[in-house]
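Sharing a structure with you now.
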Amino acid sequence: MSEQNFKPYTPKAILDILSSVCDPEIPVLTIEDLGIIRSVDILEDKPIITITPTYSGCPAMTMIEVEMRTAMLAAGIADFEIKTTLSPPWTTDWISQNGLKKLEEYGIAPPEKSATSKLALFGKDSEVTCPQCGSKHTEMVSRFGSTACKSMYKCLDCKEPFDYFKCI
């Protein structure tokens with residue numbers, strides 16, 4: 001695509017370009033699914049893309065920015081800016097319904113909505129549904145899974161281990 005096809009740039013056109021950028025740690029999710037794109041503004045024909053990391057210090061954010069830059073350049077857009085904001089902080093509530101479905105289909109238990117469970121108030125772990133068989137008869141194996149944003153669980157019915165995307 002040539003650069004002139006996108007002038008004047010629109011936020012929708014920029015979002016369409018970025019819709020193919022995936023999370024390197026969970027490649028089934030796009031950054032759109034994760035809800036980390038906060039805004040796209042156009043200032044004097046220059047796209048300004050504001051993102052919020054899933055958590056401060058997330059190692060995937062560097063690769064996500066590289067992939068965003070690659071997508072923009074591949075679309076013929078060389079003059080743009082990617083800004084990071086930490087406020088308000090990202091929450092798993094920003095994951096799209098499509099993203100939650102993708103997580104489950106990939107074998108990762110999706111996070112609950114932040115206000116769903118009050119078990120933590122009583123020192124108990126959340127009831128996590130097994131993405132393999134649908135059982136709630138599960139237990140946490142480790143608070144830390146394959147990445148910092150996931151915990152390791154096992155299903156006591158089908159005996160399968162699985163990651164749970166922590167609710168933030």
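The values are calculated or read from the model by the stated rules, or taken from the named source; none is laboratory data. All figures in this text were calculated on a predicted structure; none of them were measured in a lab. Ideal geometry is used to build each Cβ from the backbone, glycine not excepted, and the neighbour counts take in all protein chains shown.
Tell me, please, whether a residue that is loosely packed, with under 15 Cβ neighbours inside 10 Å, farther than 24 Å from D93 by Cα and either without any contact (Cβ under 8 Å) to a residue 12 or more places away in the chain or not polar (S, T, N, Q) (or both) can be found in the stretch 25-43.
The answer is yes; a qualifying residue exists.
Can you tell me how many residues within the stretch 125-154 are assigned to a loop (DSSP other than H, G, I, E, B) and either over 23 Å from the mean Cα position of the chain (by Cα) or more than 17 Å from T54 (Cβ to Cβ) (or both)?
Of the residues in that region, 13 qualify.
How about the stretch 155-168: which of its residues are more than 15 Å from the chain's Cα centre (by Cα) and surrounded by fewer than 17 Cβ atoms within 10 Å (Cβ to Cβ)?
Within the stretch 155-168, L156, D157, C158, K159, E160, P161 meet the criteria.
Hey, another quick one. Among the residues of the stretch 71-79, is any on the phi > 0 side of the Ramachandran plot and not basic (K, R)?
Yes, some residue in the stretch 71-79 is on the phi > 0 side of the Ramachandran plot and not basic (K, R).
Here is a further query. Among the listed residues I37, I51, I64, identify the single one that is within 28 Å of E104 (Cβ to Cβ) and in contact with a Lys or Arg (Cβ under 9 Å, 6 or more places away or on another chain).
I51
Being at pLDDT 95 or above and closer than 18 Å to P11 by Cβ is the requirement here; does E44 meet it?
no
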